[in-house]
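Let me begin by presenting the structure, written as structure tokens, before commenting on it.
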Amino acid sequence: MAEESVFTDLPMKRPREDEENGASAATEAMETETNSNDYISPVIPGWFSEISPMWPGEAHSLKVEKILFQGKSDYQNVMVFQSSTYGKVLVLDGVIQLTERDECAYQEMITHLPLCSIANPKKVLVIGGGDGGVLREVARHTSVEQIDICEIDKMVVDVSKKFFPDVSVGYEDPRVTLHIGDGVAFLKAVPGGTYDAVIVDSSDPIGPAQELFEKPFFESIAKALRPGGVVSTQAESIWLHMNIIEDIVTNCRQIFKGSVNYAWTTVPTYPSGMIGFMLCSTEGPTVDFKHPVNPIDSNDSQSKSKPLKFYNSELHTAAFCLPSFAKKVIDSKAQS
Ligand code: SPM
């Protein structure tokens, strides 16, 4: 079978300098004995299994109809395959980034939770998000005049434009300017107070996105935001990475003097079936993330975009309700 040969031909993960010389606290928290090159399971031929040291002892699997693309960029392995039940799937270093079927649950929530929480957002920065899905969602907001995106890996942009037109459609908006480069360096060069909102659509903290989970990066975001500006970042799963979330909450509480919150959404193809976001604001006009002041639901009829599939105002408020075990930890860190 063609699929079987592909499973053994995947390029090896390129070791990064930090992995060779000692990993960060976040990375160490995820390290196990698992071989991180075991991305494709040979156990069930014809299936993709998401095996990673970040979620030891479990691996969600999708039946593969056809491998559509495999490449190795300067930063990571990039793969696209056609699945039987979730449409096309984008995989970076063996980790699912999006599927056509459930990407709306992530892209809509990471975008509209911050942008619907402030009145008239005008300047928005996206870090990561090279597939363009967050751009597609930001573009729904008619008040927005400028959308900058800084993505480190041009191959992600190119692959998305070729295989995921309904996601990469975000690049077609004339308000978008794409910068290919390191988001950490980009943010350091941003004049203070530039943006109303920053959205960090990163992969996980093993790999090129590691620095996007560290304190200096959050400090740069706070500086780049105007008073009362908002940030939304990918903030992992309460079922898998509570230790990482605790660290992020602690850092954010020290840096963002407005409000600090954790919200979540369901994504069936992410490990544990959910993923969270940190929603923070800088000192200035109060931002109450739990009660959106800039609803987008009613804008749909005027928009050229396809209707929202997932986000609505009720879900916005509900996203901040946490299971008791997570609430206890996050609330204690938020108050310390
Ligand atoms: N625009 C979509 C990009 C997705 N970025 C986040 C990907 C996270 C994948 N891993 C999830 C692991 C959850 N602990």
Within the range 263-280, how many residues turn out to be open to solvent by 10 Å² or more (accessible area, probe 1.4 Å) and out of contact with any Ser or Thr (no Cβ under 9 Å at 6 or more places or on another chain)? 1
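A quick yes/no check of all residues on (1) open to solvent by less than 20 Å² (accessible area, probe 1.4 Å); (2) farther than 30 Å from VAL78 by Cβ:
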| residue | (1), (2) |
| --- | --- |
| GLU211 | no, no |
| LYS215 | no, no |
| ILE238 | yes, no |
| ARG253 | no, yes |
| THR286 | no, yes |
For the range 228-236, check the following and say yes or no: at least one residue is open to solvent by 10 Å² or more (accessible area, probe 1.4 Å), out of contact with any helix residue (DSSP H, G or I) (no Cβ under 8 Å at 6 or more places or on another chain) and touching a residue at least 40 places away in the same chain (Cβ under 8 Å). no
Considering every residue within the range 62-77, establish whether at least one is charged (D, E, K, R) and on the phi > 0 side of the Ramachandran plot. no
Within 26 Å of SER281 (Cα to Cα) and at pLDDT 95 or above: is that true of ALA209 in this structure? no
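The values are calculated or read from the model by the stated rules, or taken from the named source; none is laboratory data. Just so it is clear, the structure is predicted and the values come from calculations on it, not from any experiment. Virtual Cβ from ideal backbone geometry, glycine too; neighbours counted across all protein chains shown. Just so you know, the surface numbers come from the protein's heavy atoms only, side chains and all, with ligands and any DNA or RNA stripped out. Shrake-Rupley method; radii C 1.70, N 1.55, O 1.52, S 1.80 Å.
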